[in-house]
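Engineer: Sharing a structure below in structure tokens format, with a few things to ask.
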Amino acid sequence: MEGTEGARGVNYRILDELFRVVKDRHDLFQYEITVSALEVYNEQIHDLLLTGSQPSTTTKRLEVRQVAEGVHHVPGLVEARVSNMDEAWDVLQTGSKARVVGSTNANEHSSRSHCIHCVMVKGENLMNGERTNSKLWLIDLAGSERVAKTDAQGERLKEAQNINKSLSALGDVISALATKSQHIPFRNSKLTHLLQDSLSMQFSSPCAGMI
């Protein structure tokens, strides 16, 4: 999702377009943009912008809370205010480098968590004072694993099981939404609970995700 300097990925292109629009509208709108970075690791949420945030017994556990009807939030999550593309990109890079990776038989540098960046955009129309709040999710999902193929054991096995569980939960939610089921199992995983607002399409909160 991040790409390289010679071939920029979707994350860079989305942020670049966001700040281009902000610049074009500076005479009519005032914007405040913040970026947060977190991971869902073994069904726990960790802030990737905290110093020394690699999961441990001392890491502060974060939870998804409903703050209003259809609105969910993660209290205590660091939100870095950014004013340009370079600052935003630095935050994303910091978050991505802090996520949990490990070696398996299939991949020497395997992502062991889902890495999620949230871009919050608060806008004010300078002509009439109208205010808007928008949220953009940039999600790098860990890949589904065949435990028999990777021969995972111990902690790697636990990680693989939780990765597969959350991806399965995401598939169940999408399937339930597609069939207009009365019950949508958002709470079956931290991943789907976190993305409930966007997946349910109650608000304009686009997601860009990649496995």
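Taken together, the values in this text are just the output of simple stated rules run on the coordinates, not laboratory data. Worth saying up front: this structure is predicted, and the values here are computed from it rather than measured. Neighbour counts run over all protein chains shown; Cβ positions are idealised from the backbone, glycine included.
Engineer: With 30 Å as the limit, write out which pairs from 122/190; 122/158; 158/180; 135/158; 122/165; 23/190 have Cα-Cα distances beyond it, or answer none.
Structural biologist: Values: 122/190 26 Å; 122/158 39 Å; 158/180 33 Å; 135/158 32 Å; 122/165 34 Å; 23/190 36 Å.
Flagged as over cut-off: 122/158; 158/180; 135/158; 122/165; 23/190.
Engineer: Can you work out the PRE-style zone for residue 67? Point 7 Å along Cα to Cβ, and I want the residues of the range 113-139 with backbone N under 18 Å.
Structural biologist: 117-124, 131-138
Engineer: For the residues 19, 186, what sequence is obtained by ranking on other C-beta atoms within 10 Å, fewest first? Intermediate values should be presented prior to the final figure.
Structural biologist: Numbers: 19 19, 186 22.
With the fewest neighbours first, 19, 186 line up as 19, 186.
Engineer: List every residue whose amide H lies under 5 Å from the amide H of residue 126, counting only residues 5 or more places away in sequence or on a different chain, with H placed 1.01 Å from N in the peptide plane.
Structural biologist: So residue 126 has HN proximity to 29, 30.
Engineer: Next question, about the same structure. Quick check on packing: order 36-43, 130-137 by the mean number of other C-beta atoms within 10 Å, highest mean leading.
Structural biologist: Listed from highest to lowest mean packing, they are 36-43, 130-137.
Engineer: Can you sort 23, 165, 180 from fewest to most other Cβ atoms within 10 Å of each residue's own Cβ?
Structural biologist: Listing 23, 165, 180 from fewest to most nearby Cβ atoms yields 180, 23, 165.
Engineer: Related question: With labels modelled as points extended 7 Å from the Cα through the Cβ direction, what inter-label distance (nm, one decimal) is found for residue 81 paired with residue 27?
Structural biologist: For residue 81 paired with residue 27, the spin-label model returns 2.7 nm.
Engineer: Something else: Going by how many other beta carbons lie within 10 Å of each one, how would you line up 183, 26, fewest first?
Structural biologist: Least crowded to most crowded, the residues run 183, 26.
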